[in-house]
Amino acid sequence: MTGEPKNGVAKVHDRLAAAKNVMVITGAGISAESGIPTFRNEDGLWGKFNPLDYATREAFLRDPVKVWKWYDERRVNMAQAMPNAAHKALAALEQQGKQVFIVTQNVDDLHERAGSSEVVHIHGSLWRLRCERDATVLENREAPMSELPPTCVCGNVMRPDIVWFGETLPRQPVEQVHHYLLHGGIDLCLVVGTEASFGYVVQWAIQARDSGALLADLNPRETGLGPMVDVHLEGRAGDILPQLT
């Protein structure tokens, strides 16, 4: 780990040891360490595929089979992935009696499979299907899926229950985040495996800091939070988080 004095790790470790309430914002980097591809890195998915062909409602309406085949491959990859040391370190914090509120941009379930109990998926879950006609939401863990595209009982084609380009964040998870920020009494906010390119991620992290939390980001590169963080820890989440816990 380079780019951060050892006392940065010690500072976060000490705050975490005393913390009762910990907020964690995670992104694609933490799942990448389990073998799930990222989107925006040099070898990320959007360097190989045009997001306008796979991650918009218009693309789905134009060719739902093409879109679903692409996401079905991602579901198979997700099913084979296992929680890594970073996921397990966060789950272990709950066993120490801490409240750990995880806000993830990831559409996999690696946090839950590692044992974390309070996880908010702000970009949805690829294990859920949603019907735009009657608002039915179903959990489906087939990998690969037996029907492409899947259909609702009403006869309409179901879509992945995830946030695509041009869509707003779902109301319920956003309200959960806002409630926690207002009432959680956050002692430490960790931003892990994300470059914080979305304005709302930066906003939530800064709001946590302004309410009294120590704000630390863990990422191999500088993030969109820049000098706004109290501590930047440069490296892989799976290497750093176990040192903190």
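The values are calculated or read from the model by the stated rules, or taken from the named source; none is laboratory data. Small disclaimer: the values here were computed from a predicted structure and weren't measured. Cβ coordinates were reconstructed from backbone atoms using ideal geometry, including for glycine residues, and neighbour counts include every protein chain displayed. We work out accessible area using only protein heavy atoms, side chains counted, and drop any ligands, DNA or RNA first. Shrake-Rupley method; radii C 1.70, N 1.55, O 1.52, S 1.80 Å.
State whether one or more residues within segment 154-177 are of a type in the set (Asp, Glu), touching a strand residue (DSSP E or B) at 6+ places or on another chain (Cβ under 6 Å) and closer than 29 Å to Asp53 by Cβ. Checked segment 154-177: at least one residue is of a type in the set (Asp, Glu), touching a strand residue (DSSP E or B) at 6+ places or on another chain (Cβ under 6 Å) and closer than 29 Å to Asp53 by Cβ.
Considering only residues that are assigned to a helix (DSSP H, G or I) and surrounded by 18 or more Cβ atoms within 10 Å (Cβ to Cβ), which ones fall in segment 191-206?
Within segment 191-206, the first condition is being assigned to a helix (DSSP H, G or I), and the residues that meet it are 199-206.
Those that are assigned to a helix (DSSP H, G or I) and surrounded by 18 or more Cβ atoms within 10 Å (Cβ to Cβ): Val201, Val202, Trp204, Ala205.
Which residue is surrounded by the most Cβ atoms within 10 Å (Cβ to Cβ), if the candidates are limited to segment 153-168 and must be in contact (Cβ under 8 Å) with a residue 60 or more places away in the chain and either more than 20 Å from Trp68 (Cβ to Cβ) or of a type outside the set (Val, Ile, Thr) (or both)?
As a first pass, look at segment 153-168 and keep what is in contact (Cβ under 8 Å) with a residue 60 or more places away in the chain: 157, 159-160, 164-167.
With the extra rule that they be either more than 20 Å from Trp68 (Cβ to Cβ) or of a type outside the set (Val, Ile, Thr) (or both), the set shrinks to 159-160, 164-167.
Values: Arg159: 22, Pro160: 24, Trp164: 18, Phe165: 12, Gly166: 10, Glu167: 13.
Applying the filter and picking the extreme gives Pro160.
When we screen Leu244, Leu182 for residues that are farther than 24 Å from Arg75 by Cα and surrounded by 15 or more Cβ atoms within 10 Å (Cβ to Cβ), the only hit is Leu244. Would you please name the residue that is surrounded by the fewest Cβ atoms within 10 Å (Cβ to Cβ), looking only at residues in segment 87-123 that are among the polar types (S, T, N, Q) and in a strand (DSSP E or B)? Within segment 87-123, the match that is surrounded by the fewest Cβ atoms within 10 Å (Cβ to Cβ) is Gln99.
When Arg171 is tested against the conditions (1) open to solvent by less than 10 Å² (accessible area, probe 1.4 Å); (2) over 20 Å from His87 (Cβ atoms); (3) charged (D, E, K, R), the lone failure is (1).
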